[in-house]
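Colleague: Next up is a structure, given as structure tokens.
Any read-out appearing in this document is the output of simple, stated calculations on the displayed coordinates, not a laboratory observation. Note that the coordinates shown come from a computational prediction; the quantities given were computed from them, not determined experimentally. Here the Cβ positions follow ideal geometry from the backbone for every residue, glycine too, while neighbour counts run over all protein chains shown.
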Amino acid sequence: TTAFLNNAYMPLEQASISPMDRGFLFGDGIYEVIPTHYGKPIGLQAHLSRMSDGLAELQIDNPYSAQQWQTLIDTLIQRNRSELGSDYIGVYLQITRGTVMSRQHAYPQDITPTVFGYGFTLAAPPATTPEQVTTLDVALLKDRRWERCHIKSTSLLGNVMHFEQGKAQGKQEAILLNAHDEVTEASSCNVFVVWQGDIYTPPLDYQLLPGITRKLVIESLAKEGIAVYEQVISKTMLLQAQEVWLTSSSKEITPVTHIDEQTIGEGQAGPVWEAALAAFNKHKF
Ligand code: PDD
């Protein structure tokens with residue numbers, strides 16, 4: 001595995017940073033996961049623009065130009081594609097505020113951001129037919145994270161704890177409800193539902209990550225003349241849905257068939273999911 005750390009490429013095993021990095025001390029940084037198929041990134045510009053937004057929000061100067069990011073990402077894809085022997089490579093990027101000599105909450109001045117990246121083998125994309133796709137059983141939990149979920153922060157403890165809560169119940173993910181019993185997102189995915197024949201996903205705000213897969217799914221469906229309504233999804237709508245899907249860079253669009261004890265729809269991947277994945281696959285690059 002080839003990694004990138006502070007302007008140099010190296011084998012992942014040789015990449016190391018100081019424990020005084022603010023990423024380690026405070027989770028003071030952001031990250032991206034960019035999926036690539038056969039050397040081609042999916043949603044690259046959208047990932048880079050979300051990264052810029054996150055850096056601006058954290059008041060960290062973007063350390064590289066768009067061209068430099070592009071070169072870095074291309075290099076990680078190419079090297080890892082041959083080293084890992086896979087055509088499905090995920091590129092992980094992380095930028096922290098940088099390494100300090102004394103731990104203090106205030107943002108230090110004159111600090112150089114730490115930039116880390118590496119490539120990993122992505123799971124193969126989901127099968128495209130209801131008969132063959134692997135579906136998910138998920139838990140339904142109260143969202144106990146913070147009010148800045150739109151930032152792709154490396155401070156993922158809240159998400160990790162929700163994922164583990166689901167896992168302890170024998171589930172593969174957890175869908176989260178806010179204090180008003182409205183769907184926010186899942187611990188590492190966005191949520192879509194098919195309800196009374198229409199497709200819904202929660203509107204973007206501080207309660208959820210603006211997922212790039214979510215954006216590409218909405219855009220792909222629009223190109224096929226199918227609307228996605230960005231509207232609040234109540235717990236009742238979720239549990240009465242004909243279909244529920246989770247989206248992320250690693251899962252693309254994956255159907256959910258059980259939420260806690262409730263069976264969703266017919267308990268198998270549905271026709272709207274099949275159409276959505278076909279639209280996504282047609283337009284995703
Ligand atoms: N997870 N919501 C959360 C909380 C996420 O962590 C993710 C992504 C998403 C989907 O975003 P996107 O479509 O841009 O991948 C939604 C990544 C893949 C991860 O942490 O590994």
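Colleague: Under unit Cβ charges (Lys, Arg +1; Asp, Glu -1), what dipole magnitude, rounded to 20 debye, does the chain have relative to its Cα centre?
Modeller: 560 debye
Colleague: If you take every DSSP beta bridge fully contained in segment 156-242, what fraction is antiparallel? Give it as a percent rounded to 5.
Modeller: Close to 65 percent.
Colleague: Post the alpha-carbon centroid distance, segment 37-85 to segment 266-283, in whole angstrom.
Modeller: 28 Å
Colleague: At 7 Å along the Cα-to-beta-carbon direction for both Glu261 and Leu239, put a label point, then send me their distance in nm to one decimal.
Modeller: Rounded to a tenth, the inter-label distance reads 1.0 nm.
Colleague: Let me ask something additional. Do the sum for the chain: with -39,500 (n - 2.57) for every DSSP H run of n ≥ 4, divided by all residues, what is the mean residue ellipticity at 222 nm, to the nearest 500 deg cm²/dmol? If you can, show how the numbers build up before the last one.
Modeller: Working: 7 runs with 81 residues, N = 285.
About -8500 deg cm²/dmol.
Colleague: Does anyone have the angle between helix 44-57 and the longest principal axis of the chain? Alpha-carbon axes, 0 to 90°, nearest 10?
Modeller: So the inclination is approximately 70 degrees.
Colleague: Taking segment 187-244, which chymotrypsin sites (Phe, Trp or Tyr not before Pro) meet the DSSP loop condition and have no more than 11 other C-beta atoms within 10 Å? Can you show the working numbers first?
Modeller: Values: sites: Phe192, Trp195, Tyr200, Tyr206, Tyr229; in loops: Tyr206.
Qualifying residues, ordered by number: Tyr206.
Colleague: Ok, one more. Collect residues whose amide H, placed 1.01 Å from N in the peptide plane, falls under 5 Å from the amide H of Thr128; neighbours closer than 5 in sequence don't count.
Modeller: Answer set, sorted by chain and number: none.
Colleague: For Ser155, enumerate residues with amide H under 5 Å from its amide H, sequence gap 5+ or separate chain, H modeled in the peptide plane.
Modeller: Those qualifying (amide H under 5 Å, at least 5 residues apart or on another chain) are Gly29.
Colleague: Cut-off 19 Å, label point 7 angstrom out along Cα-to-Cβ of Gln169: give me the residues of segment 184-216 whose amide nitrogen falls inside.
Modeller: Taking a point 7 Å out along Cα→Cβ of Gln169, the residues of segment 184-216 whose backbone N falls under 19 Å are 184-193.
Colleague: Would you list, by chain and number, the lysines whose Cα falls below 21 Å from the Cα of Lys251, excluding same-chain residues fewer than 8 positions away?
Modeller: Lys40, Lys152, Lys167, Lys171, Lys215, Lys282, Lys284
Colleague: How large is ³J(HN,Hα) for each residue in segment 250-255, as worked out from phi by the Karplus curve 6.51 cos²θ - 1.76 cosθ + 1.60 (θ = phi - 60°), to whole Hz, x for Gly and Pro?
Modeller: 8, 9, 6, 10, 10, x
Colleague: Still on this structure: Are there GluC sites (Glu not before Pro) in segment 232-285 that DSSP marks as loop and that have at most 12 other Cβ atoms within 10 Å, and which are they? The partial results should precede the final answer.
Modeller: On the way: sites: Glu243, Glu252, Glu261, Glu266, Glu274; in loops: Glu261, Glu266.
Qualifying residues, ordered by number: Glu261, Glu266.
Colleague: Report the percentage of all Cα-Cα pairs in the chain whose separation exceeds 28 Å, rounded to a whole percent.
Modeller: Details: 15869 of 40470 pairs.
Roughly 39 percent, rounded to a whole number.
Colleague: Let me ask something additional. Among Val244, Val232, Val194, rank each residue by its count of other Cβ atoms within 10 Å, from fewest to most, as a rough exposure measure. Walk me through the numbers before you get to the answer.
Modeller: On the way: Val244 31, Val232 13, Val194 20.
The most exposed by this proxy come first: Val232, Val194, Val244.
Colleague: So, one more: Arranged from highest to lowest average of other beta-carbon atoms within 10 Å per residue, in what order do the peptides 218-224, 207-213 appear? Spell out each step's value before the answer.
Modeller: Working: 218-224: 16.4, 207-213: 21.7.
Highest mean packing first, the order is 207-213, 218-224.
Colleague: Which loop trypsin sites (Lys or Arg not before Pro) in segment 81-126, with loop taken from DSSP, have no more than 12 other Cβ atoms within 10 angstrom of their Cβ?
Modeller: Numbers: sites: Arg81, Arg97, Arg103; in loops: Arg97, Arg103.
Those satisfying the criteria are Arg103.
Colleague: I'd like the Karplus ³J(HN,Hα) series for segment 117-126: coefficients 6.51, -1.76, 1.60, θ = phi - 60°, whole numbers in Hz, and an x wherever there's a Gly or Pro.
Modeller: Residue by residue, segment 117-126 yields x, 7, x, 9, 7, 7, 4, 4, x, x Hz.
Colleague: OK, next. Along the charge dipole of segment 116-227, Cβ charges K/R +1 and D/E -1, which of Ala174, Val217, Tyr118 sits furthest on the positive end?
Modeller: Tyr118
Colleague: Now, a different point. Gln231's amide H: which non-local residues (gap 5+, or another chain) put their own amide H closer than 5 Å, with H modeled 1.01 Å from N in plane and none for Pro or chain starts?
Modeller: Placed amide hydrogens put Thr201 under 5 Å from Gln231.
Colleague: Enumerate the calculated ³J(HN,Hα) couplings along segment 210-223 in order (Karplus 6.51 cos²θ - 1.76 cosθ + 1.60, θ = phi - 60°), each rounded to whole Hz, writing x wherever the residue is Gly or Pro.
Modeller: The phi angles translate into x, x, 6, 5, 3, 4, 5, 5, 4, 5, 5, 5, 4, 5 Hz.
Colleague: Toward the positive end of the charge dipole of the chain, about the Cα centre and with charges on Cβ (Lys, Arg +1; Asp, Glu -1), which of Val272, Leu204, Ile42 goes farthest?
Modeller: Ile42
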